[in-house]
């Protein structure tokens, strides 16, 4: 058995770590590239959302390299993503691939279901061994997310362009070598210290929150590396979701900060109930950041994403009442980088001028 | 006399202006890009120089439009700005209390919302170019009417035909159908103008508050039919600035003046003789990874001036970015 899986941000480091612990033979597909996207767009249904297309591209590349088993995360609730494992299964079989599909439903569905699914990948391990591997691997994944968050908050202040990105790479390497819980704890400290050691300059930076559909937010290749771009423009960033937040939506201490209950509470005046995916979270985060005085919000959604379209329809009201500029960017295989950059440049000008005017007024 | 150069290279037209130190327009050039932005900028500079009094000294240069980085390298820009900001700056300059800017160019359209002189919201067409200049050009040619007269036909219409405007391909077949069953030409033309305005507002203006003064600029603002249709749809007077077709360049010139203000270093402007420099552009596919990015290179006499196009940034020439970005 050789297991492959689709990419999504740093999920390759999480799964590589877990599979190594459980002695599962695995194959990381080539990094997502324009070739991946064209493969995916060729075989996926046209009106499926972009994440499915990229995932199918990843899996084709993994299967072509010799994998015979696919591990795909499942999902909860009325976002199509939760059903994509099944769609992928059928699309890939229609193309003619023969493989086994194992759907890793998130622990939120039930720890036992989750562990039993994992056991299909590692039949020689006991449920207890699997539980321990997941428990320790999870700590590492959370540390990877925490480092990423620190990177977003640091890049705006770096003195030398590229220092933060280099530090990030070093920090991830330190983390990837940690195995035991004790090692992970000290690697986490070391990794965060590496990011903090980036030489800083004082500057009055804009503060921007990034919200939207998780896949587009988590996968830099599909969002045109927007976080690095904005960081290089001297913008301090917060993001509404990190990989472990998404995998464990009921988590008590999410990496994004605060708690999901608080975020849903903040959304209440505008959207008081679940609308699938992260629609309600998007609204809640915007409201929170507007109250904290952020300069603007950048919202990402894949073309045809229903939950985010619902959220988007509420933005004009939020902007009117809380005075927070929001830029929505719709992403799919047709989106061109130049168009995204033009809008971002204009949005940065908008936020800078708005702040200048506020300073003059006070 | 001091002057500030603004260059706006778009998909269809290339515009250059020189503004004086009192922010008045000294001269402008409006020409077709014809898919050759470098040539367009060089020829444009030559033409502009001929229109200027010899005493004008260019103290700053700004570029905008979809070829803003390229033209920034060619002309030697002190500031490179996106076209949304440039258009907003120009509109606020010409109509100081402007609250809404409608801009329709060759292949894109924008809506900019301004409050108290500051841009607070904007939208740019994403999925569809219906209603932009290229389509109107095409329809005028198909009907055998010079594009300059297209709008005045629309003004003669007393009862506009209903044209399906969501997609230009279907708009065209709908127009043909209306012609075949005997509608008057002016009613079809005005119907088309209305359909395009409807499409523009549906795509860009949803959820936005359109307040007057409404400024309409860009090449399509020349079209009297579209002006009339906007006026009727928005129930508002539409202000079309005198130099509506070169507003992007005016914005770039104003931004250039602001950028060099208080600066002791001379402008990056290469002078009107930049028109004589022989630029060589070439492209190649990077083999570094499976992205196969196409990298574009601009050289002068074997020296690389600029390089861009990759996703990872490894080919970008940093000095160029610094040279043209200037202080913000």
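Which of the residues belonging to the range A:266-283 are more than 18 Å from the chain's Cα centre (by Cα) and part of a loop (DSSP other than H, G, I, E, B)?
Result: A:268, A:269, A:270, A:271, A:272, A:273, A:274, A:275.
For residue B:176, indicate whether it is more than 21 Å from the chain's Cα centre (by Cα), in a helix (DSSP H, G or I) and over 23 Å from residue A:349 (Cβ atoms).
yes
Filter the range A:200-211 for residues that are part of a strand (DSSP E or B) and more than 14 Å from chain B (Cβ to nearest Cβ); which is farthest from residue A:276 (Cα to Cα)?
A:200
Based on what the data block shows, is residue A:331 touching a strand residue (DSSP E or B) at 6+ places or on another chain (Cβ under 7 Å) and crowded, with 21+ Cβ neighbours inside 10 Å?
Yes.
Table: residues versus (1) within 11 Å of chain A (Cβ to nearest Cβ); (2) buried (at least 20 other Cβ atoms within 10 Å of the Cβ).
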site	(1), (2)
B:63	no, yes
B:71	no, yes
B:82	yes, yes
B:87	yes, yes
B:97	no, no
B:110	yes, yes
B:117	yes, no
B:136	no, yes
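Can you find, within the range A:336-345, the residue that is nearest to the other protein chains (Cβ to nearest Cβ) among those that are closer than 29 Å to residue A:42 by Cα and without any contact (Cβ under 8 Å) to a residue 12 or more places away in the chain?
A:342
Assuming residue A:32 fulfils every condition listed in (1) within 14 Å of another protein chain (Cβ to nearest Cβ); (2) more than 17 Å from the chain's Cα centre (by Cα) apart from one, which condition is it?
Residue A:32 satisfies all of (1) within 14 Å of another protein chain (Cβ to nearest Cβ); (2) more than 17 Å from the chain's Cα centre (by Cα) except (2).
For the range A:57-68, check the following and say yes or no: at least one residue is within 14 Å of another protein chain (Cβ to nearest Cβ) and not in a helix (DSSP H, G or I).
Yes, the range A:57-68 contains a residue that is within 14 Å of another protein chain (Cβ to nearest Cβ) and not in a helix (DSSP H, G or I).
Quick check on the range A:224-244: of everything there that is within 12 Å of chain B (Cβ to nearest Cβ) and closer than 30 Å to residue A:18 by Cβ, which residue is surrounded by the fewest Cβ atoms within 10 Å (Cβ to Cβ)?
Taking the candidates together, the pick is A:225.
How about the range B:284-310: which of its residues are part of a strand (DSSP E or B) and either within 14 Å of another protein chain (Cβ to nearest Cβ) or exposed (fewer than 12 other Cβ atoms within 10 Å of the Cβ) (or both)?
Once the filter is applied, which keeps residues that are part of a strand (DSSP E or B) and either within 14 Å of another protein chain (Cβ to nearest Cβ) or exposed (fewer than 12 other Cβ atoms within 10 Å of the Cβ) (or both), the range B:284-310 yields B:285, B:294, B:295, B:296, B:303, B:308.
Does the range B:35-83 hold any residues that are within 14 Å of the chain's Cα centre (by Cα) and assigned to a loop (DSSP other than H, G, I, E, B), and which are they?
B:65, B:66, B:67, B:81, B:82
Go through the range B:89-104 and give me each residue that's under 20 Å from residue B:234 (Cα atoms) and touching a helix residue (DSSP H, G or I) at 6+ places or on another chain (Cβ under 7 Å).
Within the range B:89-104, B:91, B:98, B:101, B:102, B:103, B:104 meet the criteria.
Exactly one condition in (1) within 14 Å of another protein chain (Cβ to nearest Cβ); (2) farther than 20 Å from residue B:292 by Cα; (3) surrounded by 20 or more Cβ atoms within 10 Å (Cβ to Cβ) is not met by residue A:47; state its number.
In the conditions (1) within 14 Å of another protein chain (Cβ to nearest Cβ); (2) farther than 20 Å from residue B:292 by Cα; (3) surrounded by 20 or more Cβ atoms within 10 Å (Cβ to Cβ), residue A:47 misses (3) alone.
Please verify whether residue A:285 is out of contact with any strand residue (DSSP E or B) (no Cβ under 7 Å at 6 or more places or on another chain) and either away from chain B (no Cβ under 14 Å) or touching a residue at least 40 places away in the same chain (Cβ under 8 Å) (or both), treating the condition exactly as stated.
no
Restricting attention to the range A:75-96, does a residue exist that is surrounded by fewer than 23 Cβ atoms within 10 Å (Cβ to Cβ) and part of a strand (DSSP E or B)?
no
Output the number of residues of the range A:346-356 satisfying the condition of being farther than 16 Å from residue B:112 by Cβ and at the interface with another protein chain (Cβ under 7 Å from one of its Cβ atoms).
Residues that pass the stated criteria total 0.
Check the range B:122-130 and report whether any residue there is away from every other protein chain (no Cβ under 14 Å), surrounded by 16 or more Cβ atoms within 10 Å (Cβ to Cβ) and either in contact (Cβ under 8 Å) with a residue 12 or more places away in the chain or not in a strand (DSSP E or B) (or both).
Yes, that holds for at least one residue.
Out of the range A:212-265, which residues are in a strand (DSSP E or B) and within 18 Å of residue A:151 (Cβ to Cβ)?
Correct list: A:235, A:236, A:237, A:238, A:239.
What are the residues in the range A:315-333 that are facing chain B (nearest Cβ under 8 Å) and within 23 Å of the chain's Cα centre (by Cα), if any?
Answer for the range A:315-333, where residues must be facing chain B (nearest Cβ under 8 Å) and within 23 Å of the chain's Cα centre (by Cα): A:315, A:325, A:330.
Here is a list: A:65, A:76, A:39. Which entry is more than 21 Å from the chain's Cα centre (by Cα) and touching a residue at least 60 places away in the same chain (Cβ under 8 Å)?
Among A:65, A:76, A:39, only A:65 is more than 21 Å from the chain's Cα centre (by Cα) and touching a residue at least 60 places away in the same chain (Cβ under 8 Å).
Scanning for something assigned to a loop (DSSP other than H, G, I, E, B), away from chain A (no Cβ under 14 Å) and either surrounded by 24 or more Cβ atoms within 10 Å (Cβ to Cβ) or modelled with pLDDT of 95 or more (or both), does the range B:242-263 turn up at least one residue?
Among the residues of the range B:242-263, at least one is assigned to a loop (DSSP other than H, G, I, E, B), away from chain A (no Cβ under 14 Å) and either surrounded by 24 or more Cβ atoms within 10 Å (Cβ to Cβ) or modelled with pLDDT of 95 or more (or both), which makes the answer yes.
Take the conditions within 14 Å of chain B (Cβ to nearest Cβ) and modelled with pLDDT of 95 or more and apply them to residue A:217. Does it pass?
It is false that residue A:217 is within 14 Å of chain B (Cβ to nearest Cβ) and modelled with pLDDT of 95 or more.
Scan the range A:190-198 and tell me whether some residue there is within 24 Å of residue A:31 (Cα to Cα) and either touching a strand residue (DSSP E or B) at 6+ places or on another chain (Cβ under 9 Å) or not in a loop (DSSP other than H, G, I, E, B) (or both).
Checked against the condition, which is being within 24 Å of residue A:31 (Cα to Cα) and either touching a strand residue (DSSP E or B) at 6+ places or on another chain (Cβ under 9 Å) or not in a loop (DSSP other than H, G, I, E, B) (or both), the range A:190-198 yields at least one hit.
Name the residues in the range A:102-114 that are surrounded by 13 or more Cβ atoms within 10 Å (Cβ to Cβ) and over 23 Å from the mean Cα position of the chain (by Cα), would you?
Passing the criteria: only A:113.
Is at least one residue of the range A:140-156 on the phi > 0 side of the Ramachandran plot and out of contact with any strand residue (DSSP E or B) (no Cβ under 7 Å at 6 or more places or on another chain)?
no
Which of (1) more than 10 Å from every other protein chain (Cβ to nearest Cβ); (2) at pLDDT below 80; (3) not in a helix (DSSP H, G or I) does residue B:313 not meet, given it meets every other one?
Condition (1) is where residue B:313 drops out.
Quick one: in the range A:270-308, of everything that is surrounded by fewer than 20 Cβ atoms within 10 Å (Cβ to Cβ) and closer than 25 Å to residue A:348 by Cβ, which residue is modelled with the lowest pLDDT?
Looking at residues that are surrounded by fewer than 20 Cβ atoms within 10 Å (Cβ to Cβ) and closer than 25 Å to residue A:348 by Cβ, I get A:303.
The values are calculated or read from the model by the stated rules, or taken from the named source; none is laboratory data. This structure is a prediction, so every number in the text was calculated from the model and none was measured. Cβ atoms come from the backbone with ideal geometry, glycine included; neighbour counts cover every protein chain shown.
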